[in-house]
1. Mind checking whether some residue in segment 146-164 is at pLDDT 90 or above, touching a helix residue (DSSP H, G or I) at 6+ places or on another chain (Cβ under 9 Å), assigned to a helix (DSSP H, G or I) and under 22 Å from residue 99 (Cβ atoms)?
2. Name the pairs: first residue in segment 247-261 and closer than 13 Å to residue 34 by Cβ, second residue in a helix (DSSP H, G or I), Cβ to Cβ under 9 Å, at least 6 apart or on different chains?
3. Testing residue 541 on (1) over 22 Å from the mean Cα position of the chain (by Cα); (2) touching a residue at least 60 places away in the same chain (Cβ under 8 Å), one condition comes back false. Which one is that?
4. Inside segment 436-461, can you point out the residues that are touching a strand residue (DSSP E or B) at 6+ places or on another chain (Cβ under 9 Å) and more than 19 Å from residue 482 (Cα to Cα)?
5. What is the residue count in segment 496-521 for residues that are within 18 Å of residue 399 (Cβ to Cβ) and assigned to a loop (DSSP other than H, G, I, E, B)?
6. Look at residue 614 and say whether it is modelled with pLDDT under 80, out of contact with any helix residue (DSSP H, G or I) (no Cβ under 8 Å at 6 or more places or on another chain) and outside the structural domain of residue 123 (by TED's automatic domain parsing).
7. Whether any residue in segment 98-119 is assigned to a loop (DSSP other than H, G, I, E, B), within 26 Å of residue 205 (Cα to Cα) and in contact with a helix residue (DSSP H, G or I) (Cβ under 6 Å, 6 or more places away or on another chain) is what I want to check.
8. Show the residue pairs that are 6+ apart or on different chains and have beta-carbon atoms under 8 Å apart, the first residue being within segment 213-240 and outside the structural domain of residue 200 (by TED's automatic domain parsing) and touching a residue at least 24 places away in the same chain (Cβ under 8 Å), the second being surrounded by 22 or more Cβ atoms within 10 Å (Cβ to Cβ) and outside any helix (DSSP H, G or I).
């Protein structure tokens, strides 16, 4: 067991957050924590990982257990470069590597091999080489490159200063750093934020093979289905554990609620029967004793509480009053650009598609490919260019992922009412109630709202606007799972036209009938949903690979065709020498490993002459290896050019 907690209770002031929650984490556990916003998910993580105080209970963490915690939207802050910061993680191994080299130098130059000092040095050498190999020290740079490439930094220069990166990039880099640290327990709070599809797929595959426990808070149902094998649900201050992924949890919870309701109803019937019997028979002499016995049984009975099968949910419905023309939107060779003057750059060129009334289009693509730029372009079409043509009777409603359109100084009530001053107060309150704002909540200042509350208020504004075209940029961000499901239902039933950017794969599978994928500064328009889009994109990638290979082959053939007989002969000699060097390098690396293994063997220490010979040979072999490698690099560069 890596750690456990029992009967943890937590209050903030007089508000209870957690009530006697208990669970344990074992090696290789895969746990997903779910629950509505504000139920205490992040509070529990802070107690487990950051030592946040709690009011009652006990937390037990193994003495050698290491825990790595990625907070939500916690970007890495550093004035160092990416390479320096990532190599810091392996600073102890890099120091050992330097010491190994220094000891090799000492042993090869030592004059008295039979001395106690030499034996002390060779013992130290054997010990640290073994430790270095066991900790996979020879693959430090390979590990760094693998994780950075997977997290979307393949095209980023490693000498880039971290604080010059965007917020999303720093968050991804923070996650990359944590993966390289490889703690016993990896704790991730909303790790899929800021990840594009390719990075997300890589992360899922990485976590599936992660040697350690993984605990994650996530609203990404695809992610939860693929990664976790246990669900912890925090509801009404309590924690309930379910074996299986998210889809299995939905089945198990429904069965549990049905079972609890049946047990409650059966007990209520039994209680009613007992009470009825006592009432009728207590005063009769012949049955008084029996009635008294049943009354005692009633008093001792442990009453089953009525299960809370109803949880208040958002009530969303998007409607409109004006029917737009059949052809709602047409884009013709739109160029997406950002920046001004010399800093102006093209994100995507020749974007073309047509949307008809009732179409639902999802825009996909990696971060920085122009998804949000496209949404803003079609929203602000009069000031852009003639590449965008809207049909008649169009009324647009826009959802901004940053929620910047809200006035922080307004109350919730004022924010909605100021936009629709002709509405009756009761109508405004009803709309806010559907978005789960009632009582004192409608008097809260917008600046004091959580991200989820701001998202619900923005959706309430859209409902009141009654647009026949919805443009939505990441509307599921900040929403908990129940709210996401309600939004999905509302958009599925919406008869208007929808243009949406989202990373929620459940959402994308259910809602759109058309897809637009932005990639390599071009746009691909796809008929169908998320599954069809993935198939076409995989086919495109395969085709691109074939084209690259053909172009490379043509260049080689072209170069060979224009060379003289003497040049072709020199090329053949160069290739032969490269092949010979590669075999020699491999043989030298094998010999170096053999010598190091022998030097690590305690039996070698007793034979000081052998130790001296091995150290000398090791130094000579490494020198020869470096010379061969340098020659190979020179010849390879010549061959490439």
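1. There is no residue in segment 146-164 that is at pLDDT 90 or above, touching a helix residue (DSSP H, G or I) at 6+ places or on another chain (Cβ under 9 Å), assigned to a helix (DSSP H, G or I) and under 22 Å from residue 99 (Cβ atoms).
2. 247/221; 247/224; 247/225; 248/225; 249/224
3. Failed condition: (2).
4. Result: 442, 443, 444, 445, 446, 461.
5. 6
6. Working: modelled with pLDDT under 80: yes; out of contact with any helix residue (DSSP H, G or I) (no Cβ under 8 Å at 6 or more places or on another chain): no; outside the structural domain of residue 123 (by TED's automatic domain parsing): yes.
No: the conditions fail for residue 614.
7. So the first thing to find is which residues in segment 98-119 are assigned to a loop (DSSP other than H, G, I, E, B), and the list is 110-115.
Filter once more, so that each one left must be within 26 Å of residue 205 (Cα to Cα): none.
For segment 98-119, residues assigned to a loop (DSSP other than H, G, I, E, B), within 26 Å of residue 205 (Cα to Cα) and in contact with a helix residue (DSSP H, G or I) (Cβ under 6 Å, 6 or more places away or on another chain): absent.
8. From segment 213-240, no pairs qualify.
The values are calculated or read from the model by the stated rules, or taken from the named source; none is laboratory data. This structure is a prediction, so every number in the text was calculated from the model and none was measured. Positions of Cβ are backbone-derived with ideal geometry, glycine not excepted, and every protein chain shown enters the neighbour counts.
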